[in-house]
Amino acid sequence: MVKSYRHSLLLPLAALTIGWSHSGSAGGLMVWEIGTPTLGTAGAGWAAMPEDASTAYTNPAGTVWRDNTELMAAGQLLYGHLEFNDDGASNVPGNDGGNAIEWFPGGGFFAAGRFTDRIGWGFAMAGNFGGVLDYDGDWKGRRFVTETSLIGMSLLPSLSWKASDCLSIGLGLNVMGAYYKYESRPRAGLAGGDARLKYDDRDIGYGGNLGVIYKPTAATTLGFSYTSQVDWEFRDDLRLDGFGPLFTRLVERLDGARTGFDMNAPQTLTISLQQHLTGSTTMYANVNWQEWSEFGLIGFEIDNPNQTSATINREYDDSWHGALGLRHQYRTGALAGWALSAGIAYDSSIEDLGSRTADVVVDKQWRLGLGGQKELCPGLRLDLGYTLVWMGDVPIDQQGAPPFSPRLQGSYDDYSLNFFGASLQFEL
């Protein structure tokens, strides 16, 4: 959907060589894993767990259900496996790119409490959007990307109101900062060799979170959470170097040109259930929708005398998620005092083979979560969790524009993400 289109050489170079993003999770680039107790249920129960301070992030309506002020500090480490395997049709010489994810830290801080019996408050600081890919500089896909980052971090102050003994409503402000970086190695000219293209910027966007908690019985908690779209406008000077004489005029136009990308974090809807099956066993469930089709529409503009601009359609699909988990409290035996949890989840993919690119590698995902919870002493609780995200073999066939028409064809075999997390909750 082109708004204006001038100088046909400018737009294809920028549109086909500048990308964005990450290893991806939750069907797209938004992960369920932030180091909190939901690691142990594969995200199940996300919006229906008002029993700790992390509800300030997952559902602001839950904060008014806290009897005391609670603080939670959570940390996690991600280790991924993302290595390209060439099927023989790639036409740029090089290696397989190495493991493009490896270790990446995450986590957050959460606080929740009440002003009165009817008014609660919350504050959360966490990031569950984006990530980093870092390929070897001389890999076969370097014409498309060598390094890319899109990292979102949210600050979420919120208020909640208990409308009745079984219903609460919460509203939060999402102040979401984002950092975006992209590098690639386009072909330098007719003689071959690598040039360099680089771009990076930061921006802050704003959105809202709406939550509802409904407890029809003492054993049942239903949660509804909506997060609005957050828009970013990245603006930075495009840096080009190492191009041969064939591109002299093009580089003169683009090098140092103010270049903008308009992106967004998509809106989401989550419905969750927490159901006490017995006095010791609790079941959790989720259904979720995320609007990645809007995220795939990227506004692009080069601020030069020609005013080249467009909306680039990455042809992404909205994603759907379902999750189911259990937690069991042990009261006797060797595990007395521990609550152990497990969960399984499925996320549909936002892209297929026709829309998959080396800067955003995602597919349908299965999640398996395991966790343990123990009260160390009155007012101090420890949670440990692990989630495996499995995508298996993910094919790719990305082709670039003439005159050189680079191609990356093959698959990312045994693609997986491993999240290791822990949190401590203090009650004041």
Column: log10 I(q)/I(0), Debye, Cα scatterers of segment 10-427, q = 0.09, 0.12 Å⁻¹: -0.57, -0.92
Segment 318-389 - Rg and Dmax from Cα coordinates, angstrom: 17.7, 55
For segment 249-396, what does the equivalent ellipsoid look like in terms of its semi-axes, each the square root of 5 times an eigenvalue of the Cα gyration tensor, given largest first in whole Å? 46, 17, 14
Residues in segment 268-306 reached by a label modelled at Ala336 [backbone nitrogen below 19 Å; 7 Å Cα→Cβ]: 279-281
Out of segment 49-131, which trypsin sites (Lys or Arg not before Pro) are coil in DSSP terms and have no more than 14 other C-beta atoms within 10 Å? Arg118
For segment 104-249, inverting the pair-averaged 1/r of distinct alpha-carbon atoms gives a Kirkwood value in Å of 18.9
Among the chymotrypsin sites (Phe, Trp or Tyr not before Pro) in segment 76-116, which ones are in a DSSP loop with at most 14 other Cβ atoms within 10 Å of the Cβ? Mind listing them? Phe115
If r is the Cβ-Cβ distance from Asp303 to Leu171 and R0 is 41 Å, what FRET efficiency results, to the nearest 0.05? 0.65
Please give the calculated 222 nm ellipticity per residue for the chain, where each DSSP H segment of at least 4 residues contributes -39500 (n - 2.57) and the sum is spread over every residue; nearest 500 deg cm²/dmol? -1000 deg cm²/dmol
With point charges of +1 on the Cβ of Lys and Arg and -1 on the Cβ of Asp and Glu, referenced to the Cα centre of segment 10-427, which listed residue (Val64, Phe144, Gln267) lies farthest in the positive direction of the dipole? Val64
If you take the charge dipole of the chain about its Cα centre, with +1 on Lys and Arg Cβ and -1 on Asp and Glu Cβ, which of Thr357, Tyr135, His321 is farthest toward its positive end? His321
Toward the positive end of the charge dipole of segment 10-427, about the Cα centre and with charges on Cβ (Lys, Arg +1; Asp, Glu -1), which of Phe426, Ala195, Gly172 goes farthest? Phe426
Just how many % of Cα pairs in segment 204-243 lie over 16 Å apart, if you round to the nearest whole percent? 65
For a footprinting-style exposure proxy, rank Asp241, Asp194 by other Cβ within 10 Å, fewest first. Asp241, Asp194
Cα-based Debye curve of segment 63-133 sampled at q = 0.20, 0.25 Å⁻¹ gives log₁₀ I(q)/I(0) of -0.88, -1.05
Which of Leu150, Leu335 has the fewest Cβ neighbours within 10 Å, and the rest in rising order: Leu335, Leu150
Partner lysines whose C-alpha sits under 22 Å from that of Lys198, ignoring same-chain residues fewer than 8 away, are Lys140, Lys181
So how far, in whole Å, is the C-alpha centre of segment 103-122 from the one of segment 254-296? 19
What is the Cα coordinate range of segment 128-167 on the first, second and third principal axes, sorted by size from largest, in whole angstrom? 62, 18, 12
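Please report, largest first and rounded to whole Å, the three semi-axes of the ellipsoid equivalent to segment 313-357, where each semi-axis is the square root of five times an eigenvalue of the C-alpha gyration tensor. Mind showing how you got there, number by number?
Numbers: eigenvalues 345, 15, 7 Å².
Equivalent-ellipsoid dimensions as semi-axes: 42, 9, 6 Å.
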Provide the gained length on full extension for the span Thr220 to Ala401, in nm with one decimal, where the gain is 0.36 nm per separating residue minus the Cα-Cα distance. 59.6 nm
About its Cα centre, what dipole magnitude does segment 10-427 give when the only charges are +1 on Lys and Arg Cβ and -1 on Asp and Glu Cβ, stated in debye to the nearest 20? 800
Determine the sum of side-chain charges near Asp318: Lys and Arg each +1, Asp and Glu each -1, restricted to other residues whose C-beta is under 10 angstrom from that of Asp318. -3
Just grab the label-to-label distance for His328 and Lys374, each label 7 Å out from Cα along the Cβ direction, in nm (one decimal). 1.8
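At 0.36 nm per residue, minus the direct Cα-Cα distance, what do Tyr206 and Leu424 gain on full extension? Give it in nm, one decimal, please.
Value of the extension gain: 75.6 nm.
FYI, it's all coordinate maths here, none of it is from the lab. Owing to the predicted nature of the structure, the values given are computational and were not obtained by experimental measurement. Using ideal geometry, Cβ is built from the backbone for each residue, glycine included, and neighbour counts are taken over all protein chains shown.
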